[in-house]
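I have placed the structure first, in the form of structure tokens, so that the comments after it can refer back to it.
The values are calculated or read from the model by the stated rules, or taken from the named source; none is laboratory data. As the structure is a prediction and not an experimental result, all values here were calculated from the model. Heads up, the Cβs are rebuilt from the backbone with ideal geometry, glycines too, and the neighbour counts pull from every protein chain shown.
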Amino acid sequence: MFKRIKSLHPWREFFRFGVIAWILYLVVRSFFDRAFQPDYEAYCPFGGLQAAASLFEQGSLACTMSSVQIVMGAVLAIGVIIFSKLFCGVVCPLGTITEKLSSLGRKWKLQVKQVPEIADKFLRSLKYILLFVTVYYTVGSSELFCKTYDPYYAATTGFGSDVNPLWAGIALLVFIVTPIFIRTAWCRYLCPLGAVSNIFRYFLMFSVVTIAYILTNAAGLQLSYVWPLAAVTILAWLFEIQRKASFPLPLHRITRNNNTCNNCEQCTDSCPQGIPVGKLTEVRHIDCNLCGACVASCHKQKSLTINHRYREWYPIAIASLLIVLGLFLGASVRIPTIEQQWGETADMENASTMTLSGLDNVKCYGSSMAFASGMKKVNGVLGVATYVDNHSVKIWYDASKVTPTDIRKNIFTPVRRQIKPVLPEVKELGVITAGIDQLYDIYDAEYLQHLLLQNLPAVYGFETTFDCPVRVNIYYDKRTNIGPNTLKKIIEKREIRIENGLNIRKVKLNYQLSGTAIQDTSIARNDFIKTMFIPFRQTFSRFEQTPINLIDTLRLKYNHPGESSYQRMLPYLTSHLSVHPPVLGIRTTIVQNNPELQIFFNKKKASANQINEWANADMLEIHYANGKTGSKNNPFRSEN
């Protein structure tokens, strides 16, 4: 029994299934804890390598990528060069599952013993083609293209929003089925990370192509990154199919002692990749990932060694050390998502800098570019760097032209927001004026709304005005006493939970109440409604084409004039009504202190009753610009 356990290389199995157990824990926990949102690509080395390519070529990180993934990608590359493809053999969950599926195929006698040489050479090209396409679209868009088809990402996220269901479904099916019939088919023929690892095993070739590309561009030819990308993928494939071996790297290899070997072939049988280890003196095969399974199987003779030393534990130990090193360096290094400097060199040398955190609108490459575009319009701002991992920015500016306060003012977005309908018995509202630090963008307004709604039922709305700190007017039921201590305790809460359907999101807050003054004055109910009211108007082209004498207006009660959730639904109502030719447009307005929802229509083509029927449908049929349609519950029905 002891020999059997030893032959299974228990430490490798423990390590690999420990990785899978951790991923399953994240998946299961997300089912039971709706506020738990795991990042399944937080330590993805392949994502990091793609992000590094995007950073090198475009000067920007792929969306949601950070220095941790970049460093993990670099550690993987170094690990391949020195120690072989340890990630594939010891860590990768897809590799583990592929091996087990291949074992089932052999057990059920469904697996082909050997793929024909011509077919094998062709199939080995697929992973390089997939790698080329993935890197090409990632660098071009600064979005991880692999997420559209990656079977791991699709399975763990439940085919999330970034996943293409068709592509990922096909990839998942191929991943599950093919290893049963062809040994480790996914790893050998389709895995783009396997292609990257093989390229780094041909590191001399990779270095020559990269240096040639840099020198060519330095000479002024300005070649596209597509050329070196195509060169390394084609050359790696050609090298692979020519010899299926790498030289002189990696530096660590499986070696066999011919003098002590009894030719039992147990090493060959135990090799997950099907490499004929028992017939080789030194294993340089391109599929070898130094997993150590063959070494473990030879524990009695000890004829198999790593660089002539019997070290069964070596692959697990080195893989663990590389992971720890990657995590440590990833936490120590910060790489901006974008870094743009448009000031003159002399100005940049004398530039002042400021750092702002808590900008939740800086959450990806696209929003980072939008932020930079806005800052370019501010006279005196010389450059920005954004860090999406913690939603912070660094800003370079000319202190003689602009102040930090001016910059904050340009970032700030004023908001008026009614939280809920005012009860009929509430005739007047009190106003609390408070100075609150760390209020910047529209997301902060959203968080403040949830914070007040969850903790102060008497509050009906708020509005923000720029100041240092931001001045906030909070409107509440005058009959309720809200003291400064109560308000401070609520505003300075450090976390809120936001429900969205079946999901719950935890949001960390950092608001500081800098000063309060509870005013003795009141505001009348109707004046509050007018304050919160944000008019909306959208007409169709047929409005201008309709004679004025044929335009009529259907006037409906609009009971939620300032509530943001209803404001966001008005474009959907417009889309719903746009498919009816008699409808000419809609608007919201206040008539004699009463908010109204007005629908313009051609009275010659439809009656007011017909328009009212369309406006009061149970569901709003929404028509998107890309031709797709959807539906949402109609909150504007008369009974609502």
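Filtered by the rule that a residue be closer than 14 Å to LEU577 by Cβ and not basic (Lys, Arg), the range 589-608 gives LEU597, GLN598, ILE599, PHE600, PHE601, ASN602, ALA606, ALA608. Selection over the range 200-231 of residues that are surrounded by 15 or more Cβ atoms within 10 Å (Cβ to Cβ) and either in contact with an Asp or Glu (Cβ under 9 Å, 6 or more places away or on another chain) or in contact (Cβ under 8 Å) with a residue 60 or more places away in the chain (or both) gives a count of 7. Scan the range 172-187 for residues that are part of a helix (DSSP H, G or I), over 23 Å from LYS147 (Cβ atoms) and either under 30 Å from the mean Cα position of the chain (by Cα) or at pLDDT below 95 (or both) and the total you get is 0. Can you name every residue in the range 219-243 that is assigned to a helix (DSSP H, G or I) and more than 20 Å from GLY140 (Cβ to Cβ)? If the condition is that a residue be assigned to a helix (DSSP H, G or I) and more than 20 Å from GLY140 (Cβ to Cβ), then LEU235, ALA236, TRP237, LEU238, PHE239, GLU240, ILE241, GLN242, ARG243 are the ones that fit.
What pairs come out if I take residues in the range 167-193 that are without any contact (Cβ under 8 Å) to a residue 24 or more places away in the chain and pair them with residues that are crowded, with 23+ Cβ neighbours inside 10 Å and not in a helix (DSSP H, G or I) whose C-beta lies under 8 Å away, six or more apart or interchain? Listed pairs, sorted by first residue: ALA168/ASP150; ALA171/ASP150.
Residues that are in a loop (DSSP other than H, G, I, E, B) and touching a helix residue (DSSP H, G or I) at 6+ places or on another chain (Cβ under 6 Å) do not occur anywhere in the range 19-32. Among the residues that make up the range 475-492, is at least one of them more than 21 Å from ALA35 (Cα to Cα), assigned by TED's automatic domain parsing to the domain that holds ARG525, in contact with a Gly (Cβ under 6 Å, 6 or more places away or on another chain) and at pLDDT 90 or above? There is at least one residue in the range 475-492 that is more than 21 Å from ALA35 (Cα to Cα), assigned by TED's automatic domain parsing to the domain that holds ARG525, in contact with a Gly (Cβ under 6 Å, 6 or more places away or on another chain) and at pLDDT 90 or above.
Taking the residues in the range 244-283 that are hydroxyl-bearing (Ser, Thr, Tyr), part of a loop (DSSP other than H, G, I, E, B) and at pLDDT 90 or above as candidates, determine which candidate is nearest to LEU123 (Cα to Cα).
Narrowing the range 244-283 to residues hydroxyl-bearing (Ser, Thr, Tyr): 246, 255, 260, 268, 270, 281.
Right, trim to part of a loop (DSSP other than H, G, I, E, B) and you get 246, 260, 281.
Checking which are at pLDDT 90 or above leaves us with 260, 281.
Details: THR260: 37, THR281: 27 Å.
Filtering the range 244-283 for residues that are hydroxyl-bearing (Ser, Thr, Tyr), part of a loop (DSSP other than H, G, I, E, B) and at pLDDT 90 or above, the one nearest to LEU123 (Cα to Cα) comes out as THR281.
The condition (being among the charged types (D, E, K, R), outside the structural domain of ASN379 (by TED's automatic domain parsing) and loosely packed, with under 14 Cβ neighbours inside 10 Å) is satisfied by just one residue among GLU344, GLU282: GLU282. Tell me whether the range 63-76 contains one or more residues that are closer than 20 Å to ILE20 by Cα, buried (at least 18 other Cβ atoms within 10 Å of the Cβ) and in contact with an Asp or Glu (Cβ under 6 Å, 6 or more places away or on another chain). There is no residue in the range 63-76 that is closer than 20 Å to ILE20 by Cα, buried (at least 18 other Cβ atoms within 10 Å of the Cβ) and in contact with an Asp or Glu (Cβ under 6 Å, 6 or more places away or on another chain). Consider ASP467 carefully, then state whether it is in a loop (DSSP other than H, G, I, E, B), among the charged types (D, E, K, R) and within 23 Å of ASN361 (Cβ to Cβ). Spelling it out, ASP467 is indeed in a loop (DSSP other than H, G, I, E, B), among the charged types (D, E, K, R) and within 23 Å of ASN361 (Cβ to Cβ).
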